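Structure, as structure tokens:
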Amino acid sequence: QVQLVESGGGLVQAGGSLRLSCYASRTTYTFGTMGWYRQAPGKQREMVATMSSTGFTNYSESVKGRFIVSRDNARNTVYLQMSSLKVEDTGVYYCYGQRVTTNWWGRGTQVNVSA
């Protein structure tokens, strides 16, 4: 069993920054792609940013240039540094990890961006 536990969400004003963290209960060396998805109220879950085990990154067009995904395998942690936040970035942010043939998800952390 694998657990992914997010932290770092909260309320921030537009233009501000937040850093999300996701701690994995298994060493992240054993994961393939890891990253972040989000779900806004009334919308489907969407990919925000991912990073492969080799360091290849992929970003949603809506966050390119503002968000940075990183992973620290020594700490079993994946990060999402969010800057220049917009009201439309509001939602629940979920950590994602692909390990062997299984996709694992955290429970999510709420991010609220106020105008």
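The values are calculated or read from the model by the stated rules, or taken from the named source; none is laboratory data. Since the structure is predicted, the reported quantities are computational estimates derived from the model, not experimental observations. Methodologically, a virtual Cβ is constructed for each residue, glycine included, from the backbone with ideal geometry; neighbour enumeration extends over all protein chains shown. Ligands, DNA and RNA are stripped out before the accessible areas are found, and what is left, the full protein with its side chains, is counted by its heavy atoms. Shrake-Rupley method; radii C 1.70, N 1.55, O 1.52, S 1.80 Å.
Model label sites at S83 and S62, defined 7 Å from Cα along the beta-carbon direction, differ in position by 2.1 nm.
Taken as Cα centroids, the range 90-115 and the range 1-51 sit 4 Å apart, rounded to the nearest whole angstrom. Seen from T57, the other residues with C-beta closer than 15 Å to its C-beta sum to a net charge of +1, counting Lys and Arg as +1 and Asp and Glu as -1. A 1.4 Å probe run over the chain, with the rest of the protein chains in place, finds 54 Å² accessible per residue.
The charge dipole of the range 1-93, taken about the Cα centre with unit charges on the Cβ atoms of Lys, Arg (+1) and Asp, Glu (-1), comes to about 80 debye, rounded to the nearest 20.
A simple spin-label model places the labels of V2 and Q98 1.1 nm from each other, with each point 7 Å out along Cα-to-Cβ. Counting other Cβ atoms within 10 Å of each Cβ, which GluC sites (Glu not before Pro) in the range 27-88 have at most 15 and sit in a DSSP loop? Qualifying residues, ordered by number: E61. Accessible surface comparison of Y96, Y37, probe 1.4 Å, protein chains only, largest first: the order is Y37, Y96.
Rounded if a/c is under 1.5, else prolate if a/b is larger than b/c, else oblate: which is the range 5-62, with a ≥ b ≥ c the root eigenvalues of its Cα gyration tensor? Walk me through the intermediate numbers first.
On the way: a/c = 1.85, a/b = 1.49, b/c = 1.25.
Prolate.
Here S60 sits with roughly 20 square angstrom of accessible surface, probe radius 1.4 Å.
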